[in-house]
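Down below is the structure, laid out as C-alpha cells.
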Amino acid sequence: MMTGLRLTFSAILIWAAVPVSAQPKPASTVPRTADGKPDFTGVWQVASNRKGTWEQANANGGLGGLSASETAVRAPAPPRGAPARESAPYQPWAAKKVLESFNRRAIDDPQAQCLLPGVPRVNTVGLFPMQIVQTPQTIVMMYEYLNAFRIIPIGAKHPDDLEPTFMGDAVGRWDGDTFVVDVTSFNDRTWLIGTGTFHSDALHVTEKYRRIDADTITYEATMEDPKVLTKPWVYRTTIMKRDGTRLREYECQESDDDRQEYQKLLKDETVFRRK
Amino acid sequence: MKKAFPLAAAVLLALPAWAHHSFGAEYDAKKPITLTGTVTKVEWTNPHIHFFLDVKDSSGKVVNWKIEGFPPNVLYRTGWKRDVTMKTGDTITVTGWQARDGGNWAHSREVTFSDGKKLFAGPPSGTGDGGNTPVVSEQ
C-alpha cells in the first residue's frame, strides 16, 4: 500500500517537473488529432442523447425513439410542481410576433420554403445526420438537411466585405478543448430555434462545441440580438456520434406539394389557427 | 398575470425537430385515421414522399387518398427501399391523421404491408407546428 502511494507521489513530482506543453494528455475516450486537439471528425446526429448507430438510436418510432403507442402523444406533461419552462427573452413587441407564428401553427416557417435553416436552428434538426471534417486550419460541417454546409476557418477574422446570409459567417478558435465559433452577418429570414423565433440582422451567435467522450459533443449556442431580445438566449443540446451512417442528397425543392397545400390552407386560416 | 420576461437567462434545452415543415398546420392530431387500400402511385420525392391509395368508403365507393410521409432519406434509414418496399398495386394499411379541411388527404405514421410487416412512414401528429406551448408567455 505504502509503495503504491509513494509511486503515485513520485509520479506526480515527475509530472510536475515536465513542462505543461510536453505532458501527455490524461487518458480519455476523446479522440485527438495529431496536433492534440479534440477530433470532431465523423458523422453525427444533432439534438439527440442516445448512443449507438443511427438505427439503434432511432428505433421504435422511425425517429426519436418514440414507440408506436406514444405516437399520438406530443410530449409528456411536466411533473406536478416542476418549474415551468422559462420564456424566451423577446422584447414585448417581438414576443407578440412569435406568438402569432405559434397561433398560425408555423405555416410561415422559412424552412417550409426550403430556405437554409440558420444558426443554431441547423443544430436542432435531428431528423438527418451531419458530418464534420477537421483539419488544423478549418472545420467543415456538412448537413444532409437542406444540403447546408459551414466552412469554419480556425483563428481567422471575419472578412470585412460580408453581406447578410442565412447561415451567417463563422470563424472558429480553440479555448482549451472547446471549439468556439463566432457567427455574424446574418439576414433576418431564419428562425433561431423553433416556431416563430425570428431575429434581426443584428443577430450574433457564439457556439461552443466540446467533445466529452467517444460518443458525445455538448453544444451550447448563445444568441444575442439587441433589436429583438432583451438579453442573451442560450440553447443547449448534445450531438451524438453515428458511425456507419452515410450522408445522402437532400434536394428540398424536388416536390412542391406542401407549398401548394399551404396555399390552399391560407385561403381560410380558421381551418388551422389555434386562436 | 404571468410574468412574461423573467430576468434570469433563459435556456432552452433540445427538443428534436421532426420535420422541415408544419404537419400540424395541414393535418389534425384529433383526426386519427386508418385506411386500407390499393396503392395507385408513389411519389418518392423530397422534401417528403406522397403516395396515393384507392380506398372503399362505407358505401362501397372508391376514393383516392393522398398520403404524406417522411423524406426519402429518413425512410431509407428506417428500412424502406425505393421501388421495392411499396409499389403500385400493393394492398396496404396506413395509420395517420387526416387533413384539417376534412379532405381525402392525410399524413402517415405507420404502414402495414400485405405480409404483415410494419414500417414507420411519417412523423407523430402535430409535428412542426410549435408543440403545445409557445416559447414566449402569453400576455
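When segment B:62-85 is limited to residues that are buried (at least 23 other Cβ atoms within 10 Å of the Cβ) and among the hydrophobic types (A, V, I, L, M, F, W, C), the one that is nearest to residue A:271 (Cα to Cα) turns out to be B:67. If you go through segment B:22-35 one residue at a time, do you hit one that is modelled with pLDDT under 95 and under 24 Å from residue A:54 (Cβ atoms)? Yes, there is a match, as at least one residue in segment B:22-35 is modelled with pLDDT under 95 and under 24 Å from residue A:54 (Cβ atoms). For segment B:27-54, a residue qualifies if it is of a type in the set (Asp, Glu), closer than 14 Å to residue B:65 by Cβ and more than 7 Å from chain A (Cβ to nearest Cβ), and exactly one does: B:54.
Checked against the criterion of being within 14 Å of another protein chain (Cβ to nearest Cβ), of a type in the set (D, E, K, R) and under 27 Å from residue A:39 (Cβ atoms), segment A:113-123 contains one or more residues that satisfy it. Of everything in segment A:220-241 that is among the polar types (S, T, N, Q) and modelled with pLDDT of 95 or more, the residue that is surrounded by the fewest Cβ atoms within 10 Å (Cβ to Cβ) is A:222. Of all residues in segment B:68-93, those satisfying the criterion of being away from chain A (no Cβ under 13 Å) and either part of a strand (DSSP E or B) or within 20 Å of residue B:22 (Cβ to Cβ) (or both) are B:91, B:92, B:93.
Contact map, segment A:177-200: first residue within 11 Å of chain B (Cβ to nearest Cβ) and at pLDDT below 95, second residue in a strand (DSSP E or B) and buried (at least 22 other Cβ atoms within 10 Å of the Cβ), Cβ cut-off under 7 Å, separation 6 or more or different chains; pairs are A:193/A:235; A:193/B:12. The residues in segment B:109-139 that are polar (S, T, N, Q), under 11 Å from the mean Cα position of the chain (by Cα) and at the interface with chain A (Cβ under 7 Å from one of its Cβ atoms) can be counted, and the count is 1.
What do you reckon, is residue B:60 more than 8 Å from every other protein chain (Cβ to nearest Cβ), closer than 24 Å to residue A:245 by Cβ and either modelled with pLDDT under 95 or assigned to a loop (DSSP other than H, G, I, E, B) (or both)? The answer is no for residue B:60. Taken over segment A:162-214, the residue count meeting the criterion of being surrounded by fewer than 18 Cβ atoms within 10 Å (Cβ to Cβ) and among the aliphatic types (A, V, I, L, M) is 6. Among the conditions (1) under 27 Å from residue A:210 (Cβ atoms); (2) crowded, with 16+ Cβ neighbours inside 10 Å; (3) at pLDDT 90 or above, residue A:41 misses just one, which is (2).
Look at segment A:242-275 and say how many of its residues are surrounded by 16 or more Cβ atoms within 10 Å (Cβ to Cβ), modelled with pLDDT under 90 and either under 14 Å from residue B:101 (Cα atoms) or more than 7 Å from chain B (Cβ to nearest Cβ) (or both). Here the count works out to 3.
The values are calculated or read from the model by the stated rules, or taken from the named source; none is laboratory data. Every value quoted in this text rests on a predicted model; they were computed, and no experiment measured them. When we count neighbours, we look across all protein chains shown, and the Cβ atoms used for this are built from the backbone with ideal geometry, even at glycine.
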